[in-house]
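Heads up: the structure comes next, in structure tokens.
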Amino acid sequence: MRKYENFYLKYKRLLLPVLFAALAVFMVFFVIFPQISSISNLSNDISAASERVQTLKVSLDTIASQNEAELDSKLSTATDALPTVKDISRIFSTLNSAAAASNTSLREFSLEVGGVHGKAAEVTGDLPTAPSMSVVARVEGDIRSLSEFGMALSRKFPLSEVSKIDGSGDTASFQIAFFYKPVNMSMIAEKDNVSALSPADSEFLNKINLENNK
Amino acid sequence: LVTSERVTAIKNVISKRSELSQFVSGVLASIPEVFSIESVNASLESLALSVSSDSLSEFDNLLSDIIPKVGKKTPIIKTIEISSFTQHEGAYTLGLNFMTAATDQK
């Protein structure tokens, strides 16, 4: 006991400075350093936010500089070429229009619509390829003109692909896939950076629109 | 954004879709008018064509000159086979099979 008493008396005057030094070390490691780190994180957040604001400003300027009528027309061409839904009336009109362009006549057609409600109808817009609706069309005309029907169809909107042709005499049946693609609004909403359609893309839309109207 | 996303999808569809109609139309266009086309059965793998005429010399011309040219200028065609040749009531009917590159991939 005496030993401890002596030790205490010997170092009594150092007790307070050591206590303060320990407290200072504690403050540095457990209060100041975390604060510095949080300041650094905060500064990163501020920089990211200001970058986002800048992007939004650029996007806003881009939107403001667009010709609304031209933009609507391009969107209309794009959605005509690749509809957002299975549009049966448009398909019927396209088949008739292709028949007229190839001097043939549409006798009948049948559609495999697939799901229209519930899980079967769920098609997300972020698919790598556009889904399609299967159609079988029976067309009447000269057999050489019948092959032109498929050619006319490939130029018309909505986009389609002929996968089978069976013809004899003056009729032929065409197995056609009409493409569509739902809009993935959630994916689009996540994008802040709005850029104007490139001249190449505008030119591409004009070109396919011209082909469609031939 | 919607237009841009749609343009990408349209380009994707156009680049990936098969040009079956163009292929069939190209082959039919090369068959002279003197032949009557009896039937056409086309899929992504093959095109079966049946043509008829009452002139044997036209068939000679078709098989020795026209069909090989079609094969050469259409890269999608891998082989061309004669599936049948028949004669009925003075008219000759030739069956041709054009096998495409898709046949090999199957």
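The values are calculated or read from the model by the stated rules, or taken from the named source; none is laboratory data. What you see is a predicted model, and the numbers here were worked out from it, not measured in a lab. Here the Cβ positions follow ideal geometry from the backbone for every residue, glycine too, while neighbour counts run over all protein chains shown. Remember, those area values only see protein heavy atoms, side chains included, never the ligands or the DNA or RNA. Shrake-Rupley method; radii C 1.70, N 1.55, O 1.52, S 1.80 Å.
Quick notes on this one:
- Test: residue in the range B:72-95 that is open to solvent by less than 10 Å² (accessible area, probe 1.4 Å) and either in contact with an Asp or Glu (Cβ under 9 Å, 6 or more places away or on another chain) or of a type outside the set (A, V, I, L, M, F, W, C) (or both): yes
- Qualifying residue in the range A:60-83 (condition: within 14 Å of chain B (Cβ to nearest Cβ), at pLDDT below 90 and over 30 Å from A:Asn212 (Cα atoms)): yes
- Failed item, numbered, when A:Leu146 is tested on (1) more than 8 Å from chain B (Cβ to nearest Cβ); (2) part of a helix (DSSP H, G or I); (3) at pLDDT below 90: (1)
- Some residue of the range A:199-209 being open to solvent by 40 Å² or more (accessible area, probe 1.4 Å) and either in contact with a Gly (Cβ under 7 Å, 6 or more places away or on another chain) or at pLDDT below 85 (or both): no
- Count of the range A:37-94 residues which are of a type in the set (D, E, K, R) and not in a helix (DSSP H, G or I): 2
- Residue within the range A:103-122 that is within 14 Å of chain B (Cβ to nearest Cβ), touching a strand residue (DSSP E or B) at 6+ places or on another chain (Cβ under 6 Å) and either open to solvent by 60 Å² or more (accessible area, probe 1.4 Å) or at pLDDT below 90 (or both) present: no
- Being farther than 28 Å from A:Leu71 by Cα and modelled with pLDDT of 90 or more is a property that does not hold for A:Ala152.
- Among the residues making up the range B:11-68, those that are open to solvent by 20 Å² or more (accessible area, probe 1.4 Å), of a type in the set (Gly, Ala, Ser) and either more than 13 Å from chain A (Cβ to nearest Cβ) or part of a helix (DSSP H, G or I) (or both) are B:Ser15, B:Gly26, B:Ala29, B:Ser30, B:Ser55, B:Ser57, B:Ser64.
- A:Lys164 at pLDDT 90 or above and under 17 Å from B:Val27 (Cα atoms): yes
- Residue list for the range B:74-83, restricted to those being touching a Gly at 6+ places or on another chain (Cβ under 8 Å) and either within 14 Å of another protein chain (Cβ to nearest Cβ) or not in a strand (DSSP E or B) (or both): B:Thr74
- Of A:Ala98, A:Ala177, all but one fail to be buried (at least 21 other Cβ atoms within 10 Å of the Cβ), modelled with pLDDT of 90 or more, closer than 30 Å to B:Ser50 by Cβ and not hydroxyl-bearing (Ser, Thr, Tyr); the exception is A:Ala98.
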